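Student: Just passing along the structure, written as structure tokens.
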């Protein structure tokens with residue numbers, strides 16, 4: 001399968017440098033991942049880059065996963081000055097829990113500020129995450145259409161855009177783009193399954209077949225229920241063919257319309273119609 005996904009060391013080096021330079025301007029980091037692929041949607045350099053800075057990891061699209069699995073991930077990732085939270089950045093589900101987590105992570109700092117007489121405490125956070133994981137949705141939801149510059153302030157790099165929210169939090173989007181390292185095909189496949197990698201750069205038919213193969217192992221009953229199959233073939237291609245017949249994805253001569261059925265399967269998985277499924281579990 002030709003994923004055609006490249007990781008550019010030079011570009012990544014520049015981005016890492018910019019993030020490190022901007023870290024001194026923020027109180028904490030908000031990292032966004034896809035709850036369905038918690039490991040694959042993480043950039044492995046984030047832990048190193050953001051070491052020593054409080055961090056909130058938002059597991060976006062958590063409503064597309066089994067609640068028990070997401071809870072396990074949150075517990076595993078929440079250690080010390082890192083807290084994980086299950087959210088949906090489009091609907092806003094779970095985002096109200098961010099403020100209490102910020103107060104918890106920055107309690108000592110806020111106590112010192114209050115002791116000095118500061119009343120209205122403003123917290124600044126950098127938002128990081130790989131492309132298409134939900135950063136823009138998160139920022140727009142938090143801003144509630146109140147996207148504006150807060151103005152130049154001492155210690156703030158000139159022309160930096162800080163996005164206001166109504167909870168005393170100002171957000172800075174990540175400078176540059178962070179891609180995960182594609183050290184194995186599974187990471188690339190997981191990103192493609194969830195739509196993090198654009199369909200235009202992958203073979204849709206091969207991708208759908210790979211997804212059926214994966215679902216036969218991790219969610220066979222959900223696959224059968226969604227497509228009204230009495231049984232699954234040991235051959236993923238035969239299962240895909242059965243799904244195509246059930247959905248009427250047939251062209252003249254009785255041949256399978258693989259492009260059509262591939263798009264159907266991928267769209268329905270991404271939309272949660274096949275069921276709540278985490279591709280990476282603990």
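Coordinate-derived values only; no laboratory data. Keep in mind that what you see is a predicted model, and the values were worked out from it rather than measured. Virtual Cβ from ideal backbone geometry, glycine too; neighbours counted across all protein chains shown.
Student: Between residue 140 and residue 281, what's the calculated FRET efficiency when r is the beta-carbon distance and R0 is 51 Å? Round to 0.05.
Tutor: After rounding, the FRET efficiency stands at 0.95.
Student: Rank the residues 142, 185 as a footprinting-exposure proxy: fewest other Cβ atoms within 10 Å of their Cβ go first.
Tutor: Ranking 142, 185 by Cβ neighbours within 10 Å, fewest first, gives 185, 142.
Student: Across 10 Å bins from the origin, how do the percents of Cα pairs in the range 162-225 run, short distances first?
Tutor: In order of increasing distance, the bins hold 16, 32, 23, 17, 11 percent.
Student: Another question about this same structure. Measure nothing fancy, just the Cα-based angle from helix 236-247's long axis to the longest principal axis of the chain, in degrees from 0 to 90, nearest 10.
Tutor: 80
Student: Would you list 40, 252, 233 from fewest to most Cβ contacts within 10 Å?
Tutor: Least to most surrounded, the residues fall as 252, 233, 40.
Student: Over the chain, what is the relative contact order in whole percent, taking alpha-carbon pairs under 8 Å and six or more residues apart?
Tutor: RCO, the chain: 23 percent.
Student: Mind listing the Cα extents of the range 1-113 along all three principal axes, in Å, largest one first?
Tutor: Over the range 1-113, Cα extents along the principal axes are 53, 37, 24 Å.
Student: Further question on the same structure: Before anything else, pin down the relative contact order of the range 203-270: Cα pairs under 8 Å, at least 6 apart, normalised by residue count, whole percent.
Tutor: Computed over the range 203-270, the figure is 35 percent.
Student: Then there's this: I need 203, 27, 184 ordered by Cβ neighbour count within 10 Å, fewest first.
Tutor: So the residues, fewest neighbours to most, are 184, 203, 27.
Student: Suppose only helical runs count, i.e. DSSP H with n ≥ 4. What mean residue ellipticity at 222 nm does that imply for the chain under -39500 (n - 2.57) per run, divided by all residues and rounded to the nearest 500 deg cm²/dmol?
Tutor: One gets -11500 deg cm²/dmol as the mean residue ellipticity at 222 nm.
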